[in-house]
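Read the structure below first, then the notes.
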């Protein structure tokens, strides 16, 4: 899903090559680094397995652009983690896109890889998981952001653990409310 979204974004942005600016790599970007705090539901659509739990997530998105698409959209590194109300936890790192939509909205696809511990919650079939998702954020004048995040974690059937009581790739679909604070507003 994430690869498809990123490919679509690249194709759409390719039409904007005549815009001011160049396609640039590995430079500080104009978007500030942010610390994102999210709360919501882990495994919201759990197929009746009663594994839904509260979810608290923390992410740090770098201001360094891995790729800047003609000053329109950027791809930045991010790192983060979450805990669930059933002692599940995951730490991850990956790529975080930023696509402005008008002056006050952003669509931010993201994807990464990390390590998961289930606690007493949902068995996701592997210690190593992939994470993908999309944020829709409102950007306030002072740089703060707020919105909704949808994320999905699964092993993609690439790294499943084999044991009798596990569905090899059950995955988890999460829905969260997110607040992003510019790093320079905190420090």
Study note, to complete from the structure: Note on residue 80: of the conditions (1) modelled with pLDDT under 95; (2) surrounded by 16 or more Cβ atoms within 10 Å (Cβ to Cβ); (3) assigned to a strand (DSSP E or B), unmet is (1)
Check your understanding: What number of residues in the stretch 22-65 are under 17 Å from the mean Cα position of the chain (by Cα), within 23 Å of residue 152 (Cα to Cα) and part of a strand (DSSP E or B)?
Key -> 16
Check your understanding: Does the stretch 151-171 include one or more residues that are in contact (Cβ under 8 Å) with a residue 60 or more places away in the chain and more than 20 Å from the chain's Cα centre (by Cα)?
Key -> no
Review point. With (1) closer than 21 Å to residue 76 by Cα; (2) at pLDDT below 95; (3) in contact with a strand residue (DSSP E or B) (Cβ under 7 Å, 6 or more places away or on another chain); (4) outside any loop (DSSP other than H, G, I, E, B) as the list, and residue 150 as the residue in question, which single condition is left unmet?
Key: (2)
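Condition check ((1) closer than 30 Å to residue 124 by Cα; (2) surrounded by fewer than 15 Cβ atoms within 10 Å (Cβ to Cβ); (3) at pLDDT below 90; (4) in contact with a helix residue (DSSP H, G or I) (Cβ under 9 Å, 6 or more places away or on another chain)) across all residues:
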{"position": "10", "(1), (2), (3), (4)": "no, yes, yes, no"}
{"position": "14", "(1), (2), (3), (4)": "no, yes, yes, no"}
{"position": "20", "(1), (2), (3), (4)": "no, yes, yes, no"}
{"position": "26", "(1), (2), (3), (4)": "no, yes, yes, no"}
{"position": "40", "(1), (2), (3), (4)": "yes, no, no, no"}
{"position": "52", "(1), (2), (3), (4)": "yes, no, yes, no"}
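For the stretch 101-124, enumerate the residues that are on the phi < 0 side of the Ramachandran plot and surrounded by fewer than 16 Cβ atoms within 10 Å (Cβ to Cβ).
Scanning the stretch 101-124 gives 101, 103, 104, 105, 113, 115, 117, 120.
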Review point. Which of the residues belonging to the stretch 107-128 are touching a residue at least 24 places away in the same chain (Cβ under 8 Å) and within 13 Å of the chain's Cα centre (by Cα)?
Key: 107, 108, 109, 110, 111, 112, 114
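The values are calculated or read from the model by the stated rules, or taken from the named source; none is laboratory data. Source: prediction; values computed, not measured. Because the Cβ atoms are built from the backbone with ideal geometry, glycine has one as well, and the counts that use them run over all protein chains shown.
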